Number of protein chains: 2
Amino acid sequence: MQAREDGAGQAARSKRADARRNEETLLDAAAAVFVASGVEAPVRDIAAEAGVGVGTIYRHFPTRADLIVAVYRHQVEACAEAGPALLASSATPYAALGQWVDQFVDFLVTKHGLAAVLQPENTGFDTLHAYFLDRLVPVCTQLLDAAAASGEIRPGLDAYELMRGVGNLCIGADSDPRYNARHLVELLIAGLRRPD
Amino acid sequence: MQAREDGAGQAARSKRADARRNEETLLDAAAAVFVASGVEAPVRDIAAEAGVGVGTIYRHFPTRADLIVAVYRHQVEACAEAGPALLASSATPYAALGQWVDQFVDFLVTKHGLAAVLQPENTGFDTLHAYFLDRLVPVCTQLLDAAAASGEIRPGLDAYELMRGVGNLCIGADSDPRYNARHLVELLIAGLRRPD
DNA sequence: TAGGCAACCGGAACCTCGCTCCGGAAAGCG
DNA sequence: CGCTTTCCGGAGCGAGGTTCCGGTTGCCTA
């Protein structure tokens, strides 16, 4: 949305070469550190991994949320685009909803600590929260509406609420073999079903 | 379990009077600060509220978890004891389970930030996590077993998993009018129902 | 009642971490 | 080649958790 292409095609001259290089380096370093230590790893660690000063991080990504969004943007987009695709390819809207939620859970569970940081109360992460919501709530709404229209689920559940519920259930899903977030999410989706 | 009565009746002489007084004061102060600022309020705030030094807090409650447990012990006990009672007084085990979970949700939702801190990954809060689990998982197991035996729910859900799921759903339930944890927990419990 | 010894108290000090700020370096341009 | 603009690095500040030790005070004994 703002990074290395400035609206037009190739390279806007608004950024110096070293700056662009550093941004790239930072993204890679952050991704590596996130995998190793979770998304709440100390800023200094990321700076060290990238071989730059902390100032450089804050210049390119004013808040940690910006950095996280930049690192995971591709995957979130993929998830958003999967919604309509599943709706088109699945037997029923309810099945599509189930698969889509599954995919979202997969994403969250494999990103150490991401789900925990998605909470709105987590001050300083509003950008992150907003991005996820903006991008995914409409998709979820579409799926929910379709499933409601087909009569498979009882209506009245807000997409926002569902997304937050699923996100919450994914917190701490790694690092605890006794806890299976996927299982509980399945139960939640099952509970949506029209009792008929 | 260790505090002011040492197994027997009144006052074990193992503690000096001022120490006992301070412990009491701290409990009150902590409760007040927890209500005002959540369970993650700065230690110094609690010390100030109690009018003691921070050292005194750490002496009586080595970890924050110990303090939280001490503050909420009564209510957790009440919740644990409500399990069998509900089982005896409700129409069906499933109804008892629903009511019990409701009560637990009420408890969590009204304690600002408690649910968030119940995560096992939250290092330094292991004591808290362990206490809740030790006390409540057996109760939950009993309810779950009864409901499974009566054929109302499909078996196979671990009480630990359910407890964590409910706990997770309660995270951030205050401070966000768009999110209704109770609603989602209901859905989860509904999903437990035998599809028949 | 006075003396002495633990137990206990308070808060200064230290550490980690997020974030800011500015002197210096380097890129791009004429 | 030198000037201007942009960018870089990391020292430094504030906030919060935790430790540690000199001074204080309850409590027991003589």
With only Lys, Arg, Asp and Glu charged, each at its Cβ (+1 for the first two, -1 for the last two), find how big the charge dipole of region A:60-196 is about the Cα centre; round to the nearest 20 debye.
160
What are the label-to-label distances in nm, one decimal and shortest first, from residue B:88 to the same spot in the other copies, with labels 7 Å along Cα to Cβ?
6.2
For the axis mapping B onto A, the chain B residue whose beta carbon sits nearest, plus its rounded distance in angstrom, comes out as B:191, 2
Hey, what angle do you get for helix A:64-89 against the long axis of chain A, alpha-carbon based, 0 to 90 degrees rounded to 10?
30
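With the full set of protein chains in place, find how many percent of the accessible area of region A:1-138 is carbon and sulfur; take the probe as 1.4 Å. It would help to have the intermediate numbers written out before the result.
Details: 3770 of 7190 Å².
Of all accessible area on region A:1-138, carbon and sulfur atoms account for 52 percent.
Which of rounded, prolate or oblate describes the protein assembly as shown when judged by the alpha-carbon gyration tensor and an a/c cut-off of 1.5?
Details: a/c = 2.65, a/b = 1.20, b/c = 2.22.
Oblate, because a/c is 1.5 or more while a/b does not exceed b/c.
Where does the protein assembly as shown land at 222 nm, in deg cm²/dmol rounded to the nearest 500, when only DSSP H runs of n ≥ 4 count, each adding -39500 (n - 2.57), divided by all residues? Can you show the working numbers first?
On the way: 18 runs with 261 residues, N = 392.
Using -39500 (n - 2.57) per qualifying helix, the result is -21500 deg cm²/dmol.
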Radius, Kirkwood style, for chain B when every pair of distinct Cα atoms is counted (Å)
18.3
Please report, for residue B:73, the nm distances (one decimal) from its label point, 7 Å out from Cα along the beta-carbon direction, to the equivalent points in the remaining copies, shortest first.
5.3
How far is residue B:122 from the same spot in each other copy, in nm, shortest first, if each label point sits 7 Å from Cα toward Cβ?
1.4
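The values are calculated or read from the model by the stated rules, or taken from the named source; none is laboratory data. Predicted model, so just to flag it, every value in this text is computed and none were measured. Here the Cβ is made from the backbone with ideal geometry for all residues, glycine too, and neighbour counts use every protein chain on show. Accessible surface areas use protein heavy atoms only, side chains included; no ligands, DNA or RNA. Shrake-Rupley method; radii C 1.70, N 1.55, O 1.52, S 1.80 Å.
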